[in-house]
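Data block below; observations after.
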Amino acid sequence: MQKMIPYVTLFRTLTVLAVSLVLGCSENDPSGKQAISGTVALNSAPLETGMIEFVSQETPGATSGAVIQSGNYSISAKQGLLPGKYLVRIYSSRESQTGPPQPPGPTRARAPKELIPPEYNRKSTETVDVIADGKNEFDYDIKTK
């Protein structure tokens, strides 16, 4: 005589399978990483180009970043951040056009001029809290002196 699978076991198996399929198709990253986005303005005008970096204050070595284009940046959940506190650094530079003309021949490369004040990059104390439930949008309007 053949043993039949109890209906309860079959129901549990199908329920687990259905939940797994639904979770697998959701927009959330299964690792818990969160999508990040926002805007960056310099003196109230969208920052043309730059870079924004998020450095974990809780997990050493955990960082992510994005290119800023026309004042906007975004990081997908796949490349995103786990919930927690992050130090924010923003950079944007352009070639310096000041100084005396260079003589003909080999020249030393000039370092690009950083447009963003140091308190937003190498001396930054700006932090954000990335949350698991809700939007992680962080906007900045940086003022130069």
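The values are calculated or read from the model by the stated rules, or taken from the named source; none is laboratory data. Keep in mind it's a predicted model, so treat the numbers as computed, not measured. Heads up, the Cβs are rebuilt from the backbone with ideal geometry, glycines too, and the neighbour counts pull from every protein chain shown.
Observations on the model:
- Within segment 110-134, if we keep just the residues that are in contact (Cβ under 8 Å) with a residue 12 or more places away in the chain and among the basic types (Lys, Arg), the residue that is nearest to THR49 (Cα to Cα) turns out to be LYS113.
- For segment 87-121, a residue qualifies if it is basic (Lys, Arg), at pLDDT below 95 and surrounded by 10 or more Cβ atoms within 10 Å (Cβ to Cβ), and the qualifying residues are ARG94, ARG110, LYS113.
- When restricted to residues that are out of contact with any Gly (no Cβ under 8 Å at 6 or more places or on another chain) and touching a residue at least 24 places away in the same chain (Cβ under 8 Å), segment 59-73 contains 3.
- Being modelled with pLDDT of 65 or more and of a type outside the set (D, E, K, R) is true of SER56.
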